[in-house]
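A short worksheet on the structure shown next.
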Number of protein chains: 2
Amino acid sequence: MARFFIDTLPAAGECCVLTGENAEHARVLRLRPGESVTLCDGAGTDCLCTVKEGLTLLAGPALPCPAEPKTAVSLWLAFPKADKAEHVIQKATELGASELVLFPSRYCVSRPEGKALEKKLERWQKIARSAAEQSGRGMIPAVRAVDSFRAALQQAAEADLPILFYENEEQLCLREALGSLTGSPVEAVHVSLMTGAEGGFSGEEIAQAREAGLQICTLGPRILRCETAPLAGLTAVLYALEEMD
Amino acid sequence: MARFFIDTLPAAGECCVLTGENAEHARVLRLRPGESVTLCDGAGTDCLCTVKEGLTLLAGPALPCPAEPKTAVSLWLAFPKADKAEHVIQKATELGASELVLFPSRYCVSRPEGKALEKKLERWQKIARSAAEQSGRGMIPAVRAVDSFRAALQQAAEADLPILFYENEEQLCLREALGSLTGSPVEAVHVSLMTGAEGGFSGEEIAQAREAGLQICTLGPRILRCETAPLAGLTAVLYALEEMD
């Protein structure tokens, strides 16, 4: 069923007209009178509507979106090269990430700034919106950037459980890091997952992350590419916290 | 450390010369005398070597490859469009799949056959080889195709635990399907994971799969694209079976 994010949901029985990007998208989909579509306020509430004609919908009752995970998982990504960021943002949105934050690190080859970064963020946010619509999400993950590794560490560390995945870590595995969060029902927990760019993190960066309060954690014995690791980590966390059941 | 797959490992103390694709790859990497590289027989055994000069290596002792999962996970993929198969094959190899099998299903748009399929399989196998080298795998997953959905079901069902992920399944989740495999140490178990193409499976196909002995299973409430679902399923299975610890 087609899905559109709008700012304010209509009350049940009211009519509403799709505008802007939603109107464009609806024209592509060739909605027909009588067809069901879902409007979502981007804050976890859906409204099941029926197409009256053209872009005019008749609103039904509001319901909580069934697809939104209780666990908020922020992905913290060192700027990757080329279109890998787009790939990770699209897939992470489908899988259920709550937020995507990009940051520069020592071995980053790509370091967009200023206007170039603004343009990229705009494009990335559109990708997240479209992936959220396709996958049935109840919110659009925010995509943003911070301008230093230090700022990334400070903000990521504010989560209930901040984790950095590091390919040279051999002791602590994700199962142990998640420890107390699994097995007992926990409400509204916030997890941060940080991963490196193509060149990984420097030893100094890992020490800084540990000092900032992040747990340094392995994703297993196989070396994952920089675009694979965040999605594998996200999937494992959501599975472990029973968000894929 | 660079990694090369070769048919027969040299005995410790013997010299060996890289040839063919390995030689090409080594030239790109500009190996230097004294550098360590790993040879792997593709059957789970590594041999740590030292570069003597050029493409000549001095072999050290043979050791079991530490990166190979005990669990064999076969991914069964309905032919996807365009380069999505390449993407899934590369990522699934990194993550730890043991085998990738492509098959036609009712809603497949792409259905390569004959020479075209042969060429694709050759290319896909190269992608698996390269991803296995990069990620430190002890084997190269075989990439093959079967020519009917029925053959795919029959062969997939031979695993200890054959699962088909279906977006309309709302009852059985992966945790339940894995049931008895988790929590107790199991050796050398074989799991098949089957996923659909862009258009998904027909209701009739799901009924056939159930009859063939596959468990029909959800990956959670978010709708995953055809290239995301197999990788999410694979990651969740490997995490659940403690292969990412």
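Since every read-out is calculated from the coordinates, none of them should be taken as a lab result. Note that the structure is a prediction, hence the values are computed from the model and not measured. Every residue, glycine among them, receives a Cβ derived from its backbone with ideal geometry; neighbour counts consider all protein chains shown.
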Quiz item: Copy-to-copy spacing for residue A:19, label 7 Å out on the Cα-to-C-beta vector, in nm, shortest first?
Solution: 7.2
Practice problem: For helix A:114-135, report the angle its Cα long axis makes with the longest principal axis of the Cα atoms of chain A; keep it between 0 and 90° and round to the nearest 10°. | Solution: 60 degrees
Self-check item: Inter-chain shielding of B:211-222 (mean C-beta neighbours from other protein chains, 10 Å cut-off)
Solution: 4
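Over 28 Å between C-alpha atoms is what I'm after, so list which of A:126/B:119; A:126/B:126; A:120/B:126; A:115/B:91; A:126/B:81 land there.
Going by Cα-Cα distance, A:126/B:119; A:126/B:126; A:120/B:126; A:115/B:91 fall outside the 28 Å limit.
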Quiz item: What does the average come to when, for each residue of peptide A:226-238, you count the partner chain Cβ atoms lying within 10 Å of its Cβ?
Solution: 5
Self-check item: Average other protein chain Cβ within 10 Å of Cβ, residues B:80-88
Solution: 0
Quiz item: Closest approach to the A-B rotation axis by any Cβ of A: residue and distance in angstrom?
Solution: A:235, 2
Quiz item: Which value, in debye to the nearest 20, describes the size of the charge dipole of chain A about its Cα centre when Lys and Arg Cβ atoms bear +1, Asp and Glu Cβ atoms bear -1, and nothing else is charged?
Solution: 720 debye
Practice problem: For residue B:123, place a label point 7 Å out from Cα along the Cα→Cβ vector, do the same in each other copy, and report the separations in nm, one decimal, smallest first. | Solution: 2.4
Quiz item: the stretch A:103-181 to the stretch B:74-113: how many Å between their Cα centroids?
Solution: 28 Å
Exercise. Taking the Cα centre of the stretch A:131-245 as origin, sum charge times position over the Cβ atoms of Lys and Arg (+1) and Asp and Glu (-1), and report the length of that vector in debye to the nearest 20.
Key: 120 debye
Self-check item: Gaussian network model of chain A, springs between alpha carbon atoms under 10 Å - residue of A:152, A:85, A:207 with greatest fluctuation
Solution: A:207
Quiz item: Counting Lys and Arg as +1 and Asp and Glu as -1, what is the net charge of the other residues whose Cβ lies under 12 Å from the Cβ of residue B:62?
Solution: -3
Self-check item: Per-pair calculated FRET efficiency, R0 = 60 Å: residue B:27 and residue A:48 via Cβ, rounded to 0.05
Solution: 0.50
Quiz item: Nearest 10 degrees, 0 to 90: what angle lies between the long axis of helix B:229-240 and the longest principal axis of chain B (Cα atoms)?
Solution: 70 degrees
Self-check item: Longest to shortest principal axis, alpha-carbon extents of the protein assembly as shown, angstrom
Solution: 82, 55, 43
Exercise. Output the direction-averaged projected area (hull surface divided by four) of the convex hull of the alpha-carbon atoms of chain A, in nm².
Key: 13.9 nm²
Quiz item: Which of the peptides A:120-129, B:173-182 is most tightly packed, and how do the rest follow, going by the mean number of other Cβ atoms within 10 Å of each residue?
Solution: A:120-129, B:173-182
Self-check item: Charged-residue dipole, Cβ positions (Lys, Arg, Asp, Glu), the stretch B:99-158 about Cα centre, Debye nearest 20
Solution: 200 debye
Quiz prompt | Residue order, fewest to most surrounding Cβ atoms within 10 angstrom, among B:19, B:71 | solution = B:19, B:71
Practice problem: In nm to one decimal, list the spacings between the residue B:175 label point and its equivalents in the other copies, with label points set 7 Å along Cα to Cβ, shortest first. | Solution: 1.6
Quiz item: If you take the charge dipole of the protein assembly as shown about its Cα centre, with +1 on Lys and Arg Cβ and -1 on Asp and Glu Cβ, which of B:202, B:19, A:209 is farthest toward its positive end?
Solution: B:19
Quiz item: So, in nm, how far is label residue A:70 from label residue A:122 when the simple model puts each one 7 Å beyond its Cα toward the Cβ?
Solution: 4.0 nm
